[in-house]
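Colleague: Let me begin by handing over the structure; questions about it come next.
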Amino acid sequence: MFLHIDIDSFFVSAERSRDPSLLGVPVAVGGRSNLEIFDPGRTRLRLMDRNDGAFVAPVFYGGRRRDFEERFVERTKEGQRKIRGIVTTSSYEARARGVRTGMPLAQALRLCPELIVVPTDLLFYHRISHALSRFLARRIPRVEQFSIDEFFADLHGWVAGEEAEAFARDLQAEIFGRFRIPVSIGIARSKWTAKLATGYAKPYGLYRVRELRDFIREIPIGDFPGIGRGYRRRLEERGVRTLGEVEALQSLFESWGKPGRQLYRRILGTDGEGIAERPSRQSVGISRTFDPLEDPAELRRRIVILARHVGYITMKLGANPTRYFLKIGYANGLRAKGSRRVERLFSERLFKETMTELFASIHLAGQPAVKLTLSVSDFTHLHPRTLSLLELDKDRQARALGEKLHWIRERFGLDAIRTADELALF
């Protein structure tokens with residue numbers, strides 16, 4: 001028996017846990033791309049990277065938390081007040097008024113003028129998530145943190161099947177009593193069915209799946225975790241609308257190779273997958289969205305800064321990636337992306353050089369960019385490779401220098417040492 005534990009409206013619930021005045025009223029946690037990362041005057045930046053979830057991104061933090069006016073309000077040249085940012089999480093009271101995740105804050109406030117908007121505090125949310133993860137690990141032997149607000153738990157050999165509901169109800173009450181955080185829990189004989197069930201438990205409820213075929217019969221195919229737009233389009237083209245129709249389509253799913261076979265078994269609860277207690281991180285990346293920017297020198301500067309941050313996380317992991325990736329999003333909807341296989345000893349210097357070379361080769365000159373994404377993957381401890389010997393001495397020196405820089409940044413903050421090409425346009 002598996003549990004899927006999902007925090008209800010996590011960011012809002014976290015804010016309510018420290019500010020009870022937010023209870024029972026429409027609340028939205030608002031977010032905006034953190035462009036302070038490009039500010040040469042920023043200091044004392046730190047990294048929060050204690051969570052081990054499959055989709056839990058590291059958080060850089062530093063400085064004070066800003067209020068609504070500072071975070072979301074800008075003045076136009078004419079002096080008009082303009083609200084920027086999007087809704088990252090909304091309370092159920094706000095959802096009842098039409099406020100949705102990803103909606104511009106200005107639109108949300110038009111729909112719900114009494115909406116209380118709280119600026120995102122990712123460090124606080126990560127600390128709560130980490131504390132909850134540790135609590136669950138003490139209560140249940142096998143727990144997997146799947147995302148910042150989701151957990152799987154395997155009760156096999158720990159709680160008898162007929163006692164699963166009572167156990168889950170007690171766990172739910174204990175979490176709320178300890179953290180003042182409401183969670184919903186799905187219960188099923190396979191982990192992915194349990195995750196699907198949680199959607200029927202919300203808010204702050206339990207849902208146990210006793211007979212799988214009866215449960216999935218009328219559920220739309222797009223509701224199942226793992227069926228994205230691609231799979232949904234393929235199935236809908238064949239007239240398939242519900243999960244209950246999938247069982248008769250084994251040969252179709254098998255024709256899609258290993259991913260198709262895995263998805264078929266997950267839908268029918270026959271996958272046999274257990275808990276991944278500490279899934280290995282497969283990649284490290286960072287992205288930022290900003291107002292349209294055409295100046296290639298400033299774009300290069302921002303790429304170098306983002307490369308330092310990716311390099312810092314990579315060094316902290318002790319990993320050696322061999323695939324580097326850069327993607328540029330443009331205001332007109334175009335995208336440019338490129339990757340490079342680099343079978344060398346990783347260093348911040350090498351990564352920055354490679355990223356600037358990629359930028360020069362893929363950038364669409366004259367087009368204003370609005371988003372940059374950098375990442376590294378194919379770590380040698382997961383995908384063994386023989387590194388090049390031709391540049392080994394040079395790479396060892398760069399790596400040794402990078403390790404010294406990393407030690408200083410660990411002690412004094414990530415911005416303690418920056419290279420000259422980060423500080424001014426070049």
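The values are calculated or read from the model by the stated rules, or taken from the named source; none is laboratory data. Owing to the predicted nature of the structure, the values given are computational and were not obtained by experimental measurement. A quick note on method: Cβ atoms are made from the backbone with ideal geometry, for glycine too, and the neighbour counts reach across all protein chains shown. Heads up: the accessible areas ignore ligands, DNA and RNA and are worked out on the full protein's heavy atoms, side chains in. Shrake-Rupley method; radii C 1.70, N 1.55, O 1.52, S 1.80 Å.
Colleague: Looking at segment 67-107 only, could you name the residues that are hydroxyl-bearing (S, T, Y) and either surrounded by 15 or more Cβ atoms within 10 Å (Cβ to Cβ) or closer than 19 Å to R16 by Cα (or both)? So that I can check it myself, show each step before the final result.
Modeller: Taking segment 67-107 as the starting set, the residues that turn out to be hydroxyl-bearing (S, T, Y) are 76, 88-92, 101.
Scanning segment 67-107 gives T88, T89, S90, S91, Y92, T101.
Colleague: Moving to a separate point now. Please verify whether G311 is of a type outside the set (D, E), open to solvent by less than 40 Å² (accessible area, probe 1.4 Å) and either assigned to a strand (DSSP E or B) or closer than 30 Å to R399 by Cα (or both), treating the condition exactly as stated. Break it down into steps so the answer makes sense when it comes.
Modeller: Numbers: of a type outside the set (D, E): yes; open to solvent by less than 40 Å² (accessible area, probe 1.4 Å): yes; either assigned to a strand (DSSP E or B) or closer than 30 Å to R399 by Cα (or both): yes.
So G311 fits the description; yes.
Colleague: Also, I was wondering about something else. For segment 145-170: of the residues being within 27 Å of T88 (Cβ to Cβ) and of a type in the set (A, V, I, L, M), which is most open to solvent (accessible area, probe 1.4 Å)? If you could, list the steps in order and put the result at the bottom.
Modeller: Step one: of segment 145-170, the residues within 27 Å of T88 (Cβ to Cβ) are 145-153.
Adding the requirement that they be of a type in the set (A, V, I, L, M) leaves 148, 153.
Working: I148: 29, A153: 1 Å².
Restricting to residues being within 27 Å of T88 (Cβ to Cβ) and of a type in the set (A, V, I, L, M), the top hit is I148.
Colleague: Is it the case that I227 is surrounded by 15 or more Cβ atoms within 10 Å (Cβ to Cβ), on the phi < 0 side of the Ramachandran plot, within 24 Å of the chain's Cα centre (by Cα) and modelled with pLDDT under 95?
Modeller: Working: surrounded by 15 or more Cβ atoms within 10 Å (Cβ to Cβ): yes; on the phi < 0 side of the Ramachandran plot: yes; within 24 Å of the chain's Cα centre (by Cα): yes; modelled with pLDDT under 95: yes.
For I227, the condition - surrounded by 15 or more Cβ atoms within 10 Å (Cβ to Cβ), on the phi < 0 side of the Ramachandran plot, within 24 Å of the chain's Cα centre (by Cα) and modelled with pLDDT under 95 - is met.
Colleague: Report whether or not L243 is surrounded by 14 or more Cβ atoms within 10 Å (Cβ to Cβ), within 30 Å of E163 (Cβ to Cβ) and either touching a strand residue (DSSP E or B) at 6+ places or on another chain (Cβ under 7 Å) or modelled with pLDDT under 90 (or both). Reasoning before the result, please.
Modeller: Working: surrounded by 14 or more Cβ atoms within 10 Å (Cβ to Cβ): yes; within 30 Å of E163 (Cβ to Cβ): yes; either touching a strand residue (DSSP E or B) at 6+ places or on another chain (Cβ under 7 Å) or modelled with pLDDT under 90 (or both): no.
So L243 fails the test.
Colleague: Further question on the same structure: Mind checking whether some residue in segment 402-410 is touching a Lys or Arg at 6+ places or on another chain (Cβ under 9 Å) and farther than 23 Å from P40 by Cβ?
Modeller: no
Colleague: Mind listing whichever residues of segment 127-160 are part of a helix (DSSP H, G or I) and out of contact with any Lys or Arg (no Cβ under 8 Å at 6 or more places or on another chain)? It would help to see each step written out before you state the result.
Modeller: Looking only at segment 127-160, we keep the residues that are part of a helix (DSSP H, G or I), and these are 127-139.
Within segment 127-160, R127, I128, S129, A131, L132, S133, R134, L136, A137, R138, R139 meet the criteria.
Colleague: Looking at the structure I just gave you, is P292 assigned to a strand (DSSP E or B) and out of contact with any Leu (no Cβ under 9 Å at 6 or more places or on another chain)? Before the answer, list the steps.
Modeller: On the way: assigned to a strand (DSSP E or B): yes; out of contact with any Leu (no Cβ under 9 Å at 6 or more places or on another chain): yes.
Yes; evaluated as a whole, the condition is true for this residue.
Colleague: Okay, moving on. When residues of segment 276-308 are filtered for being open to solvent by 30 Å² or more (accessible area, probe 1.4 Å) and farther than 19 Å from P368 by Cβ, how many remain?
Modeller: Total meeting the criteria: 9.
Colleague: Can we say S361 is farther than 19 Å from E294 by Cβ, among the small types (G, A, S) and in contact (Cβ under 8 Å) with a residue 12 or more places away in the chain? Steps first, answer last, please.
Modeller: On the way: farther than 19 Å from E294 by Cβ: no; among the small types (G, A, S): yes; in contact (Cβ under 8 Å) with a residue 12 or more places away in the chain: yes.
No; evaluated as a whole, the condition is false for this residue.
Colleague: Hey, another quick one. Looking only at segment 187-213, count how many residues are closer than 16 Å to L268 by Cα and either part of a helix (DSSP H, G or I) or open to solvent by less than 20 Å² (accessible area, probe 1.4 Å) (or both).
Modeller: Qualifying residue count, segment 187-213: 13.
Colleague: How do the pairs read when you match residues in segment 228-254 that are of a type in the set (A, V, I, L, M) with residues anywhere that are assigned to a helix (DSSP H, G or I), using Cβ under 6 Å and keeping only pairs 6 or more apart or on different chains?
Modeller: From residues that are of a type in the set (A, V, I, L, M), the pairs are L235/I221; L243/I216; L243/I221; L243/I267; V246/I267.
Colleague: Just wondering, is there one or more residues in segment 255-263 that are assigned to a loop (DSSP other than H, G, I, E, B), free of Cβ contacts under 8 Å to residues at least 40 places away in the same chain and open to solvent by less than 50 Å² (accessible area, probe 1.4 Å)? Outline the logic, then answer.
Modeller: Keep residues of segment 255-263 that are assigned to a loop (DSSP other than H, G, I, E, B), which gives 255-256.
Among the residues that remain, those that are also free of Cβ contacts under 8 Å to residues at least 40 places away in the same chain are: 255-256.
Now restrict to residues that are open to solvent by less than 50 Å² (accessible area, probe 1.4 Å): 256.
Checked segment 255-263: at least one residue is assigned to a loop (DSSP other than H, G, I, E, B), free of Cβ contacts under 8 Å to residues at least 40 places away in the same chain and open to solvent by less than 50 Å² (accessible area, probe 1.4 Å).
Colleague: Something else now. Give R127, R142, R110 a once-over and let me know the one that is of a type outside the set (F, W, Y), modelled with pLDDT of 90 or more, open to solvent by 40 Å² or more (accessible area, probe 1.4 Å) and within 19 Å of G177 (Cβ to Cβ).
Modeller: Values: R142 fails: within 19 Å of G177 (Cβ to Cβ); R110 fails: within 19 Å of G177 (Cβ to Cβ).
Matching residue, one of R127, R142, R110: R127.
Colleague: Now for a different question. I need every pair where a residue in segment 205-226 that is of a type in the set (A, V, I, L, M, F, W, C) has its Cβ under 6 Å from the Cβ of a residue that is open to solvent by 80 Å² or more (accessible area, probe 1.4 Å), sequence separation at least 6 or different chains.
Modeller: I221/R232
Colleague: Tell me which of these L374 doesn't satisfy, since it passes every other one: (1) open to solvent by 10 Å² or more (accessible area, probe 1.4 Å); (2) in contact with a helix residue (DSSP H, G or I) (Cβ under 6 Å, 6 or more places away or on another chain); (3) assigned to a strand (DSSP E or B).
Modeller: (1)
Colleague: Which of (1) within 30 Å of T386 (Cβ to Cβ); (2) aliphatic (A, V, I, L, M); (3) open to solvent by less than 40 Å² (accessible area, probe 1.4 Å) does L317 not meet, given it meets every other one?
Modeller: Unmet for L317, out of (1) within 30 Å of T386 (Cβ to Cβ); (2) aliphatic (A, V, I, L, M); (3) open to solvent by less than 40 Å² (accessible area, probe 1.4 Å): (3).
Colleague: What number of residues within segment 327-355 satisfy the criterion of being surrounded by fewer than 17 Cβ atoms within 10 Å (Cβ to Cβ) and in a helix (DSSP H, G or I)?
Modeller: So the count comes out to 1.
Here's the yes/no breakdown for (1) within 31 Å of the chain's Cα centre (by Cα); (2) at pLDDT 85 or above; (3) within 15 Å of L350 (Cα to Cα):
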{"residue": "E391", "(1), (2), (3)": "no, yes, yes"}
{"residue": "G402", "(1), (2), (3)": "yes, yes, yes"}
{"residue": "I408", "(1), (2), (3)": "yes, yes, no"}
{"residue": "L414", "(1), (2), (3)": "yes, no, no"}
{"residue": "I417", "(1), (2), (3)": "yes, yes, no"}
{"residue": "E422", "(1), (2), (3)": "yes, yes, no"}
{"residue": "F426", "(1), (2), (3)": "no, no, no"}
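Colleague: For A168, are the conditions met, namely being at pLDDT 95 or above and assigned to a strand (DSSP E or B)?
Modeller: Working: at pLDDT 95 or above: yes; assigned to a strand (DSSP E or B): no.
Answer is no for this residue.
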